[in-house]
Each structure stands twice: as structure tokens, then as C-alpha cells.
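Below: one structure, written as C-alpha cells.
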Amino acid sequence: MSGHGTPIPMTSRPCGPLKGEANVPGDKSISHRSLILGALSVGETHITGLLEGEDVLDTAKAMRAFGADVIEHGGGEWTVHGVGVGGFAEPENVIDCGNSGTGVRLIMGCMATTGISATFTGDASLNKRPMARVTDPIALFGAQSVGRSGGRLPMTIVGAADPVPVRYEVPMPSAQVKSAVLLAGLNAPGKTVVIEKEATRDHTERMLQGFGAELTVEETDEGRVITLTGQPELKAQKIVVPRDPSSAAFPVCAAIITPGSDVLVPNIGLNPTRAGLFTTLREMGADLTYENEREEGGEPVADLRAKFSPDLKGIEVDPARAASMIDEYPVLSVVASFAQGDTVMKGVKELRVKESDRIDAMAKGLRLNGVQVEEGDDWWIVKGLGHGNVPGGGTCASELDHRIAMSFMVMGMAAQKPVSVDDGSPIATSFPIFEGLMADLGAQLVRDNH
Ligand code: S3P
């Protein structure tokens, strides 16, 4: 598990053109949900293309601990024999969700309306992150929780034996919180209503409908109003997990800043709640095209072609797009360093409570590599130096955050001097094949101890 093992210092050296095809792994959000909804269904759910990263493997272990039969068949193929809505058994031991906020928050939601207790923990990063955003709404269903000060893990949740349905307006843009409330609502009688002012990734809604739940979504003046009818029988499904646009972001951004590059990243889901980075990159003048646009499993999909783009310009990123690219700001800030002028990113307070405080972690690392950054509570500005002018040469702290580590590895590909991170081990949480995949394209990544 990341953060529990030996750190892996890594360096990325300036490299020649990146060329070829980047087959990135399955979507992390959809992978977690496939295992969890499979565990809450009746029958055998068959999953292909599951992301076999540490975060998702921790969720698989957790689903076994709650009584589901989760079997790995190799090559991303998994089956889950579920226990049905409300059928979770009490785990015999503490549930360790590793580095994964999605895992722990969604699972807390699932068990909050069953008459069992469970204790959750995680690594040093997860145990710092706020959980009141989930324990507040699940208390409305009747669940109780006791954790460390500030609502931190480790934490025990005592599920509500007689849950009541709730109406809850999510106070921050968070798909994890929205999903936790919906999953809790599954085992409450009657209708649970969740309102979000800003649309966040909608995989839970789409997948619950796919598994047979009665769920409606209305766009109103209040925001997106999601209504779920409780206590459905979820039916096992066949799921083909699409590839992760958040992982695609790394080879795409690397190609855009590295001279001579031309990289194809096939089969990427372009669900509008996830694709904000690609729109932003195009606005900055990136040579990024969608090829072979199509629909798969009800989702827009395309092959992305990213080419070296020497004339990037800084822009003000539309804050209305923040939720649709929230995980991509770290790597965007690297691209912004290679653009001419300022890139202004506003309305991004949520970045401060991710696997790390991502504004702080990136600002510190960018400065170490010769790039100026200004920051406030919910905004930051990267002062781009233009192509060929980014010094590099810094060793950055990855702070147990996979996306911070990968972002600085991308920076090293096109900076004047190599860029290092103190620990690349967190990359395995979401993108275990990152080093090999980038090396095949032509990147020069080395593990410093080897
Ligand atoms: C996720 C939601 C987002 C995102 C995370 C995955 C999900 O977090 O940052 O990587 O799968 O629901 P928030 O819910 O905190 O916005």
C-alpha cells in the first residue's frame, strides 16, 4: 500500500519526441463503483477493464470483508457475487482503504443504512482528509460515527438499523459525497433526494440506473436534483470499464509540451463531467484532436491525438469547468509553465483537500523548478515562461499523491534540467503501468535507487 512501503525516488530527464500509442488503464471512479454496485446486487457482475491500481484493489478487499465474493480472473477481468442491497455482513476487522478517498467515502455510504458497524482507516494521506462531509449527511439517515478530532480517520460508523430517507443539498462540489448519500439512500425506504448546485461526475447516477435502480435527475433552479427510490433489487451487470481520462491527461500533456511529439491515446471516455481538461488545453492552443468519435455504453468516447504545441498561451480557466477537471489541475499547472503568460485557476478550493493540498504541493514544486506561482485559498496563478524556458532541476515532494508525482515526471520531459520526486510509489494507486507506458513513448524515467 502506498505510504506504507519504501519511498521510490524518481527522476524524469529531458527527452526526445514522445511517439506512439498510450493504452492507459481503466477509469478509477468507474472501477470502484463497479465493485461496490456489484457487491450490492443479486447475481454475478462481470467486469472487464477494471483498473488494478492499489486504490481499487483496496475497495475489492473491503467488499470481500463485507461479505461479497470478489474474484480476480486476470487481465482486468473480475466477477462479483453480490449480497444485495442491505445485505452487508459486519466486517471482522478494520477496513483499510489505503490512499483512497473515493473508496472510503462510498463504502461508508453503503454501510450507513445497514444495522452493522465498521471501522475505517487509511494511509497517512487519507487519515488527514475530512470525513465530516460524509458523516454529516449519513447522520441524517440515523448513522452514528466516532473518529479522531476534526472528523478524521480512523473512524467507526454505526449504521442505522431503521434508516429514514433524506433530502440533502451537497455543500461542496463533490461526487464522493453525492455518491455516499445515494448509496446510503439505497437501503432507506422511500425517496432520497440529493441536490448539487454544480454538476460533478455522474457515474454513480448512470450506473445505479444501469443496475436497475429507479433514479431520476432534474435540472432545476436549485441545481441538479437527483431522486432515488430506496430498497430496489439491484441486478448484476456486465460492465466494460472505459479508459480513464484522468490518466490519459498525463501522456496527453507530456506530448503537448515535449518537442516533436505525436501520441495517440485510444478509447478515452469524454463524459462531459470529466473532460474539462481537454477543452482547456485546446483553449490554450494545444494541438489536441478527437479521432474516431463514437458512443460506447451510453458514454461519448474518442481516440485523443496530442502533438507538440510550441505556441501555448496562458488563459483564465472557466471556473464553471472546475468540477469536470478537478483531478487534472496539477498536470495543467505543468502545461501552464510551458505557456506564454499567466494561467489563472479560480474556484478550486477542493484542491486543498485531495490526496494532498494540491495547490500547495504544486506551487512548492513548480517554484523549485524555476516557475513562479501566486496562490490564495481557492485560486492560483501559474506564470508561464514559454516553451524551452522552464529551468527544471528541482526535487519535489510528492506528498503521498499520485497525481503530484506524475505531474512532476511530465514536467521533467520538457524542462531544461531533470525533475525529481522524493517518492513515486503513490503512482501505483491509479496508474500502475505509468513508468513502462511513458518509457515506451520515449520518456526517460529512472528510479534513483536502482
Ligand atoms: C471522485 C470524485 C472526486 C475526484 C476523485 C474521484 C469519484 O472527488 O477528485 O479523484 O470517483 O467520485 P470529490 O468527490 O472530492 O470531488
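The values are calculated or read from the model by the stated rules, or taken from the named source; none is laboratory data. Computed from a predicted structure; not experimentally measured. Virtual Cβ from ideal backbone geometry, glycine too; neighbours counted across all protein chains shown. Note: accessible area is taken over every heavy atom of the protein model, side chains too, but ligands, DNA and RNA are not part of it. Shrake-Rupley method; radii C 1.70, N 1.55, O 1.52, S 1.80 Å.
A straight line joining the Cα centroids of region 224-264 and region 146-165 runs 30 Å. In the context of the full set of protein chains, residues of region 6-122 present 30 Å² of accessible surface per residue (probe radius 1.4 Å, heavy atoms only). In a reduced charge model with +1 at each Lys and Arg Cβ and -1 at each Asp and Glu Cβ, region 293-404 shows a dipole moment near 440 debye about its Cα centre.
By definition, a body whose alpha carbon gyration tensor gives a ≥ b ≥ c is oblate when a/c is 1.5 or more and a/b is not larger than b/c, and region 219-372 fits this oblate description. Can you list the equivalent-ellipsoid semi-axes of region 28-229, largest first and in whole Å, using the square root of 5 times each Cα gyration tensor eigenvalue? One finds semi-axes of 23, 20, 17 Å for region 28-229. With the charge dipole of the chain set up from +1 on Lys and Arg Cβ and -1 on Asp and Glu Cβ about the Cα centre, the Cα lying farthest toward the positive end among the listed residues S430, Q372, A118 is that of Q372.
I need the GluC sites (Glu not before Pro) found in region 71-110, filtered to DSSP loop residues with at most 12 other beta carbons within 10 Å of theirs.
On the way: sites: E72, E77, E92; in loops: E92.
Passing both the DSSP loop test and the Cβ count: E92.
Here's the picture: charge each Lys and Arg Cβ at +1 and each Asp and Glu Cβ at -1 in the chain, and of N271, P154, P245 the one pushed furthest to the positive end of that dipole is P154.
In a simple Cβ point-charge model (Lys, Arg +1; Asp, Glu -1; nothing else charged), the chain has a dipole of about 580 debye relative to its Cα centre.
Could you give me D for region 308-396, from Stokes-Einstein at 10 °C and 1.306 mPa s, where the hydrodynamic radius is the Kirkwood radius over C-alpha pairs? Units µm² s⁻¹, please. List each step's numbers first, then the result.
Values: Rh = 12.9 Å.
Estimated diffusion coefficient is 123 µm²/s.
When the square roots of the Cα gyration tensor eigenvalues are ordered a ≥ b ≥ c, the ratio a/c for region 54-104 is 1.5 or more and a/b does not exceed b/c, which makes its shape oblate. The portion of the accessible surface of the chain made up by carbon and sulfur, rounded to a whole percent, is 49 (1.4 Å probe; DNA, RNA and ligands excluded). Counting charges near G392 (Lys, Arg +1; Asp, Glu -1) among other residues having Cβ under 13 Å from its Cβ returns a value of +3. At the listed q of 0.19, 0.21, 0.24, 0.30 Å⁻¹, the Debye profile of region 31-70, built from one uniform point per Cα, gives log10 I(q)/I(0) equal to -0.46, -0.57, -0.74, -1.12. Basic side chains Lys and Arg get +1 at the Cβ, acidic Asp and Glu get -1 at the Cβ, and with that the dipole of region 28-229 about its Cα centre reaches some 480 debye.
In whole percents, the pair-distance distribution calculated for the chain from its alpha-carbon pairs, binned every 20 Å from zero, is 27, 57, 16, 0.
Spatially, region 392-450 and region 76-91 are offset by 36 Å when compared through their Cα centroids. Based on Cα contacts under 8 Å between residues 6+ apart, region 43-181 shows a relative contact order of 21 percent.
Under 24 Å of direct C-alpha separation, and excluding same-chain neighbours fewer than eight residues apart, K383 reaches these lysines: K307, K313, K346, K349, K354, K364, K417. State the antiparallel share, in %, of DSSP beta bridges confined to the chain, rounding to the nearest 5. Close to 75 percent.
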